[in-house]
Amino acid sequence: MLIGIDVGGTFTDGVLLDGKAIAATVKYPTDNDDLKTTLLNVLDRLLAGIDNQDIDRVVLSTTLVTNMLATDSVARTALLLLPGPGLPLDIYRLFADTYFLKGSIDFRGRKVEAMDRKEVEAAVADIHSQGINKIAIVGKFSNRNSELEKAVRKIVLDKFPSMEVAIGSETAGQLNYLRRIVTTYYSIMTKEAWDGFVREIETALLQRGITAVVDVLKADGGTMPLHLSQSKPCETVFSGPAASTMGAVALVMNPRNSVVVDIGGTTSDISLLIEGQPLYASKGASIKGHYTHINAFSVCSLALGGDSPVTINQDVVSVGSRRKGSAACLGGELPTVIDAFNHKHRLGIGNEAQSTAKLTWIVQNTGLEIETLCTEVENIVINRLQEAIQNMFQEWENEPAYRVWEVVHGRKFNVQEIIGIGAATGAIIPVLARKMGVDCIIPEYASVANALGACVARPTLALKVHIDTENGYFVLDQEGISGPIAAGRNMQMQDAQDLARQHLIEMAKVRGMTEYADEAEFYLQEQFNVIRGWSTAGKIFDIGVQISPGLIKEYQGVSR
Amino acid sequence: MKQTGLVFFPAFDWAISPTHPEREERLLYTRDQLFEEGIMDLPQIREYKSRMADKKDIARVHFCVPDIEAQITEAHLVSAGSSLVIADAVINKEVDNGFALVRPPGHHAMTVAHGNRGFCNINNEAIMIEYLRKKYGLRKIAIVDTDVHHGDGTQEIFWHDPDILFISFHQDGRTLYPGTGFVEELGGPLAHGTTINIPLPPHTTDAGIHYVLDNLVLPILDEFQPELIVNSAGQDNHYSDPLANMSFSAQGYAVLNEKLSPDIAVLEGGYSVETALPYVNMGIIMAMAGIDYSNLREPDYSPAQFKESPRNMEYIKKLVDTQLANFRGKDEVVKQNRKKYEQEYSYYKKIFYDTDGIHEEQSTRMRMCEQCAGYRIIQSTAQHPRWDLNRVFCLSVPTYGCPECQKQAQRIYQEMCENSINFNYIYLQDRVDDVYKCMDTVRRLETVL
């Protein structure tokens, strides 16, 4: 049996999946000050009457890191940056306690300027004297050569062995120094708290006699083992929307070009599936306005939900963004979006008469008819959703391309279906789909899609290898792995791919996901001849290989 | 805060040939530098996606022989199209200025295109300028060609156009391809003084180029009052360029772009792919976006490295004085030319296509029109190494041509189509009506764009 739990901002959802049957579902209010207890409460409810030994896998999706970063309830962290020449230093001064150091690397991984030991020592002494015990060390092009970052780390740890240190090359090895700084900074900042949470969960599970695999859901819709998540707390941000999107994939089983709309009480999250594959945010997850190297689904969040209140001001109808309570038909004081749809389409949600009554009440003494009011509310809601969806298509279609064939062939998103999940979806999505002229799917269990998505998401792994045969080295964008390769021009594309695949297989083994390794596919295969004078001096390869998000092999769908 | 539009199109899957300087690798290290700096993430930069130019955009500028398909690859359409993306973004005020960081380049491509010259088949800037005129009604535009090679293609295309100010500074043509761009090349009889060449001695440094900028280029631009300034932004004045011999730095390029403040920059040449381009491109972007570039430098650069010799400086000062006088006296010369040539102006020339090894002979007749820049008839013969001899007859009506010039050109096109047996192809470039015709006289087949 499989368990999936998604801790959301308001509610925490859980499902217990037994073969093709959803054996139990739980919805429980989230205590944001004590996520562990919330989580265990949901777990215990799911486990009621079950032999804990029968649990094969538990997947958790939690807002812990997201909340910590959003509320600034984090430890003070210093940044030691080695930016070298280029953009002005001020652009890299994103956070307080930033120190700039000498030393630079260029795009071929060559050391251009050495670091200054004395300068490092002075900086770290200053950091220590301020009572800071977390440091992120990040150099420009450290993903091509981590020598300087490692040397600085050694100086720091020699001097202060208890200092918590993360370096950029081991945290986020993709090109983009700005995002590497942000990712490394937030990672080391949240690591201690996350590690504590992991230990507590592990203990609690052990106490319950659960020996199953425990995974956490990442922003990229894949899972990683809980015990290996300790160096990567930031990958758990925004796992909520990822859980919902994966839930849609799991419930529909064979999605096409789809829009997934998750309409909750106060917000709507929209994501896209392109030929069934979730679309990633091209610039990575954005945390507090900073782009990061964290792979995340492209999600558009609107402050619009089923409980958004309907108001009339001088005959102008508007839909508010702040929830003031549940819909009138479900006992609320004020009419909401749900009530308008309920009345207009005779949906029979809750006490439909209450919807009509409250709507009638607010049109009193205005020049409006109740039917006009409902039509206007519907238009507002549908237009905002449709506009957001169109913007997402357009952004995807207009993403920059760097190869001739990509531009020539272009991109066009032909939406085939809208998959509606979340509590308020049933009222709104059919109207939206009708307006857009596409199929509408509202699966059974749509209200716990998020927990199911977490439950059946498979592990993911993506890595990129950069190979420079002229300089005789390769680097991985994961965990700072690098090494020498035979110099010269003999390496072929096939050899480069083999090297990438080999590393993927090894990393998959460590993560207990060997069974998915042979499904890895190459998403990037670039080869450049390095010509000096008129002859080839070497080659540069960039190879990307990944195990994409998907569903675990055991999952066979949900029976009705 | 300023915002700069950027199209980065490195054409990673296109090369003239595997070891040619214009190859896949050319913007690889620039990509690494731009992406690693994270400059596209800054609010000052807005990145746009490339698109393909239409064939009509090309026909507005070029007579491609025998047709457009024969002269271009898809990469050329994307490169030209990228400039149009930037042009739209700037004119529509989505951004303050823009840079099309694209390849393949274009500034050696001339009106009649039989093949590739100096790595260029079609002229990206010229295509962009005629597009801007047609779509938005712009008229007066200045192009400053900062490539180390003389922008002979752009010069030729706008030679007779008094509304386009073409300024090119470059390494002296006696020492470098294409061997033109001398002081005496000042434009056609009705557009005299709107072509300004500044041939610089080899090893000219930042100081020399900035002197030219401050004392010639900027004052001329001020007096010309263009609606738009375009930087034809080659990067091969750099001290590390393998094909030229100048001593310009990334800082120098940044200062140049800050002072010039172009509305649009379009990448041209520059083949020091590893030691110059990553830094020069950063410099141009930063300067255009108003980002402080004082921290930008090449790994091997030291400010004291290059010093302008007093002899060079003296030469440059004289050059500047001469060209300033030429520019300021232009209206008087045009007046005299009108008397001198009366009805028609004609000339003959030979053109060599270095990349493709084509020899072309051309004779041009231009109507000395009182109302407009005058329509032109170009007769061109070229021996292509792989194809047959091509003889073509081209009629070009200027963008702001008068009804009489348009009528005459249309009539001659009709007559030629009916009677001529001497030419394989007859072309009509009617920019007033935006109609482009080509008659294949052997197959009696007309195509109209």
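The values are calculated or read from the model by the stated rules, or taken from the named source; none is laboratory data. Note that the structure is predicted; figures quoted are calculated from it, not measured. Using ideal geometry, Cβ is built from the backbone for each residue, glycine included, and neighbour counts are taken over all protein chains shown.
I need a count of the residues in the range A:491-523 that are without any contact (Cβ under 8 Å) to a residue 12 or more places away in the chain and exposed (fewer than 14 other Cβ atoms within 10 Å of the Cβ).
So the count comes out to 8.
Do any strands (runs of 3 or more DSSP E) lying entirely in the range A:91-196 carry at least 2 residues that are away from every other protein chain (no Cβ under 14 Å), and which ones are they?
Answer list for the range A:91-196: A:98-100, A:134-139, A:164-167.
I'm trying to understand the selection: among the residues of the range B:46-59, which are part of a loop (DSSP other than H, G, I, E, B), of a type outside the set (D, E, K, R) and either away from chain A (no Cβ under 11 Å) or under 17 Å from the mean Cα position of the chain (by Cα) (or both)?
If the condition is that a residue be part of a loop (DSSP other than H, G, I, E, B), of a type outside the set (D, E, K, R) and either away from chain A (no Cβ under 11 Å) or under 17 Å from the mean Cα position of the chain (by Cα) (or both), then B:Ala53 is the only one that fits.
Going by what's in this entry, would B:Pro43 be described as over 19 Å from B:Leu449 (Cβ atoms), assigned to a loop (DSSP other than H, G, I, E, B), free of Cβ contacts under 8 Å to residues at least 12 places away in the same chain and within 13 Å of chain A (Cβ to nearest Cβ)?
no
Counting just the residues of the range B:289-314 that are among the aliphatic types (A, V, I, L, M) and within 14 Å of chain A (Cβ to nearest Cβ), which one comes out farthest from B:Ile264 (Cα to Cα)?
B:Leu296
Tell me the residue from B:Ile316, B:Ile291, B:Ile351 that is closer than 30 Å to B:Leu395 by Cα and either in contact with a Lys or Arg (Cβ under 6 Å, 6 or more places away or on another chain) or among the β-branched types (Val, Ile, Thr) (or both), please.
B:Ile351
Scan (1) at the interface with chain A (Cβ under 7 Å from one of its Cβ atoms); (2) over 20 Å from the mean Cα position of the chain (by Cα) for the single condition B:Ser17 breaks and write down its number.
Status for B:Ser17: all satisfied but (1).
What about A:Asp97, is it surrounded by fewer than 15 Cβ atoms within 10 Å (Cβ to Cβ) and over 30 Å from A:Ala537 (Cβ atoms)?
When the stated conditions are applied, A:Asp97 does not pass them.
For A:Met68, all conditions in the list (1) at pLDDT 95 or above; (2) more than 14 Å from every other protein chain (Cβ to nearest Cβ) hold save one; what is the number of the exception?
Result: A:Met68 passes all but (1).
Within the range A:393-444, how many residues turn out to be touching a residue at least 12 places away in the same chain (Cβ under 8 Å), of a type in the set (A, V, I, L, M, F, W, C), assigned to a helix (DSSP H, G or I) and buried (at least 20 other Cβ atoms within 10 Å of the Cβ)?
The qualifying residues number 5.
Taking the range B:253-287 only, how many residues are within 14 Å of chain A (Cβ to nearest Cβ), among the polar types (S, T, N, Q) and surrounded by fewer than 24 Cβ atoms within 10 Å (Cβ to Cβ)?
Total meeting the criteria: 2.
Return the pairs, sorted by first residue and then second, in which the second residue is assigned to a strand (DSSP E or B) and of a type in the set (Phe, Trp, Tyr), the first residue lies in the range A:216-227 and is assigned by TED's automatic domain parsing to the domain that holds A:Asp6, the beta carbons are less than 8 Å apart, and the residues are 6+ apart or on different chains.
Close Cβ pairs satisfying both conditions: A:Ala219/A:Phe297; A:Asp220/A:Tyr280; A:Asp220/A:Phe297; A:Gly221/A:Phe297.
Suppose we keep only residues that are within 16 Å of A:Leu82 (Cβ to Cβ) and basic (Lys, Arg) within the range A:153-178. Which one would you say is surrounded by the most Cβ atoms within 10 Å (Cβ to Cβ)?
A:Arg153
Suppose the filter is outside the structural domain of A:Thr203 (by TED's automatic domain parsing) and farther than 30 Å from B:Tyr301 by Cβ; does A:Asp13 pass it?
It is false that A:Asp13 is outside the structural domain of A:Thr203 (by TED's automatic domain parsing) and farther than 30 Å from B:Tyr301 by Cβ.
Hey, among B:Phe182, B:Phe166, which residue is buried (at least 23 other Cβ atoms within 10 Å of the Cβ) and at negative phi?
B:Phe166
Here are some conditions: (1) among the charged types (D, E, K, R); (2) surrounded by fewer than 22 Cβ atoms within 10 Å (Cβ to Cβ); (3) away from chain B (no Cβ under 14 Å); (4) under 30 Å from A:Gly544 (Cα atoms). A:Arg458 meets all but one. Which one does it not meet?
(2)
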